[in-house]
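Shown next, in structure tokens, is the structure this report addresses.
Readers should treat all values here as calculations from the given coordinates under stated rules, not as data from a laboratory. Because the structure is a prediction, the values reported are computed rather than measured. Glycine gets a Cβ as well: all are built from the backbone with ideal geometry, and neighbour counts include every protein chain shown.
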Amino acid sequence: MQIKSAKYESSAISVEKCINTDKAEFAFIGRSNVGKSSLINMLTGNEKLAMTSSTPGKTILINHFLINNEWYLVDLPGYGYAKRGKKQQEQLAQMIKGYILRREQMVNLFLLIDGNIPPQRIDLDFIEWLGENGVPFTIIFTKADKSRKGSFGKSVKAFLNGLGEQWEELPPHFEVSSAKRIGRQEILDHIDDILTSLAADS
Ligand code: GTP
Ligand code: MG
């Protein structure tokens, strides 16, 4: 898969307000600050496409980016940012969950996990919720460049081992660094595989 064009199309406050299209879309979710928006920029080769910040809680809407005029990447707000007020946290949770459960053309969710910290309860609970709701997803371990003394590999292994205790089969998973542009082609090829299998089914 090559990226020929990537353009911002819209921002919505709820799934009901999202653009009306039947093109396939791939969405990015994970804890605030895990690197969702940065990964979208790395994949598309445009550092200014999605807004990023070193402070958690930057993305607060459902943002659609049209790729190659054929399919969408969707940047979602993160979960688990404790400094937000309760009301806003609840609103964002509704926005995220509403999108994931009701957006029919969302063909695959990329769940981003920080590969430099021990497994977090909030991420494991989120995966359980995805499983209960039959949402197709892929795990992406982020910030591989921040590894100290193999810490990245160790955390990834611990996470997958924990998951293996609950799941018969592990979901597809990748390791990336947006800062060092590691893992780009693997993710794009994975997207290509999904689009190809969808076309074969229809
Ligand atoms: P929210 O929109 O708040 O949910 O965050 P997000 O998941 O979109 O994170 P964002 O892409 O804004 O990145 C958060 C911070 O992590 C920024 O300071 C990025 O520069 C940094 N970051 C993202 N990806 C990487 C990476 O691969 N390596 C390193 N070292 N830092 C990264
Ligand atoms: Mg963001």
Sequence-distant or interchain residues sharing an amide H contact under 5 Å with I140, placed H: which? L111, L112, I113, F174
Suppose we flag GluC sites (Glu not before Pro) only when DSSP calls them loop and at most 11 other Cβ atoms lie within 10 Å. Which is the longest uninterrupted stretch of the chain? 105-167
Report, as a whole number in µm² per second, the diffusion coefficient that Stokes-Einstein gives for the stretch 86-159 at 37 °C and 0.692 mPa s using the Kirkwood radius over alpha carbon pairs. 238 µm²/s
Treating only the Cβ of Lys, Arg, Asp and Glu as charged (+1, +1, -1, -1), what charge dipole size does the chain show about its Cα centre? Round to the nearest 20 debye. 1220 debye
Given K157/K180; K17/K146; K4/K36; K4/K83, the pairs whose alpha carbons are separated by over 29 Å: K17/K146; K4/K83
Under the rule that an exposed site lies in a DSSP loop and has at most 15 other Cβ atoms within 10 Å, name the longest stretch of the chain with no trypsin sites (Lys or Arg not before Pro) of that kind, not counting the sites themselves. 84-147
Could you please tell me the mean projected area of the C-alpha convex hull for the chain, averaged over all directions and given in square nanometres to one decimal? 11.2 nm²
Provide the FRET efficiency to the nearest 0.05 for the S151-Q185 pair, computing r from the beta carbons and using R0 = 25 Å. 0.50
Percentage, to the nearest whole number, of Cα pairs in the stretch 37-118 over 17 Å apart: 53 percent
Which order results if V135, V34 are arranged by neighbouring Cβ count within 10 Å, fewest first? V135, V34
